[in-house]
Amino acid sequence: MVDELTYKIAKCCNPDEKHAILGYFKEDGSITVHDSSCITVAGLRPERLLDVTWDEIHKSEKPEIMLEIPAELDETDYYILKHHQEMGMDYSIVVAETIRLPLEEMHQRHRKLKELGGLKRVEGRIIHYRKNRVKGKWIKHRNHTYYELTPEGSQWIQIFERDTTQQ
């Protein structure tokens with residue numbers, strides 16, 4: 001079975017469909033797409049360069065499937081998901097204080113959102129603590145369970161926001 005190719009547009013030259021392009025096959029199996037006149041290409045391993053076309057790239061793109069929001073979710077769950085979208089990884093005490101929920105309810109909601117697939121638990125790694133609040137501070141409290149948003153959680157936020165603006 002052949003895995004589908006993943007194409008990523010190079011940030012160094014940001015190619016567009018008006019120009020000829022080249023692909024660079026990376027070790028992770030993805031292909032970075034460069035403008036054929038990009039100076040970065042000269043420093044790449046020539047045996048990994050590929051001829052690619054915009055048609056190939058467009059054929060590999062999968063349409064995004066919008067999920068349904070689970071019936072158990074409510075507006076408070078939206079605010080929790082939104083907190084994680086804006087602030088990144090966080091733990092129940094901080095989220096409870098931020099959105100003014102009792103701590104036990106926050107624990108229950110975090111567990112529910114994790115079980116439904118909107119959040120995932122972050123295993124012991126150092127994180128940038130409270131993004132945009134304490135610059136340059138890296139910390140991980142051993143006694144806290146951190147959660148972060150999943151792609152499904154991001155889609156639920158989009159659906160909540162779309163449905164709210166259509167009402």
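Within the option set Leu81, Leu113, Leu50, being in a strand (DSSP E or B) and either touching a residue at least 24 places away in the same chain (Cβ under 8 Å) or surrounded by 17 or more Cβ atoms within 10 Å (Cβ to Cβ) (or both) holds for one residue only, Leu50.
Against the list (1) modelled with pLDDT of 90 or more; (2) of a type in the set (D, E, K, R); (3) open to solvent by 60 Å² or more (accessible area, probe 1.4 Å), the condition Lys59 fails is (1). Filtered by the rule that a residue be aliphatic (A, V, I, L, M) and part of a strand (DSSP E or B), the range 145-158 gives a lone residue, Leu149. Among all residues of the range 6-29, there is at least one that is open to solvent by less than 30 Å² (accessible area, probe 1.4 Å), modelled with pLDDT under 85 and over 30 Å from Arg162 (Cβ atoms).
Condition (residue is assigned to a helix (DSSP H, G or I), at pLDDT below 90 and surrounded by 16 or more Cβ atoms within 10 Å (Cβ to Cβ)) applied to the range 62-78: is it met by at least one residue? No; the residues of the range 62-78 include none that is assigned to a helix (DSSP H, G or I), at pLDDT below 90 and surrounded by 16 or more Cβ atoms within 10 Å (Cβ to Cβ). Any chance the range 130-144 includes a residue that's charged (D, E, K, R), assigned to a helix (DSSP H, G or I) and either modelled with pLDDT under 90 or open to solvent by 60 Å² or more (accessible area, probe 1.4 Å) (or both)? Checked the range 130-144: no residue is charged (D, E, K, R), assigned to a helix (DSSP H, G or I) and either modelled with pLDDT under 90 or open to solvent by 60 Å² or more (accessible area, probe 1.4 Å) (or both). Scan the range 84-110 for residues that are assigned to a helix (DSSP H, G or I), surrounded by 17 or more Cβ atoms within 10 Å (Cβ to Cβ) and under 19 Å from the mean Cα position of the chain (by Cα) and the total you get is 3. Condition check: touching a Ser or Thr at 6+ places or on another chain (Cβ under 7 Å), surrounded by 16 or more Cβ atoms within 10 Å (Cβ to Cβ) and at pLDDT 90 or above. Does Leu119 satisfy that? In short, yes.
The values are calculated or read from the model by the stated rules, or taken from the named source; none is laboratory data. Predicted model, so just to flag it, every value in this text is computed and none were measured. As a convention, Cβ positions derive from the backbone with ideal geometry for all residues, glycine included, and neighbour counts pool all protein chains shown. Keep in mind that these areas ignore ligands, DNA and RNA; they rest on the heavy atoms of the full protein, side chains included. Shrake-Rupley method; radii C 1.70, N 1.55, O 1.52, S 1.80 Å.
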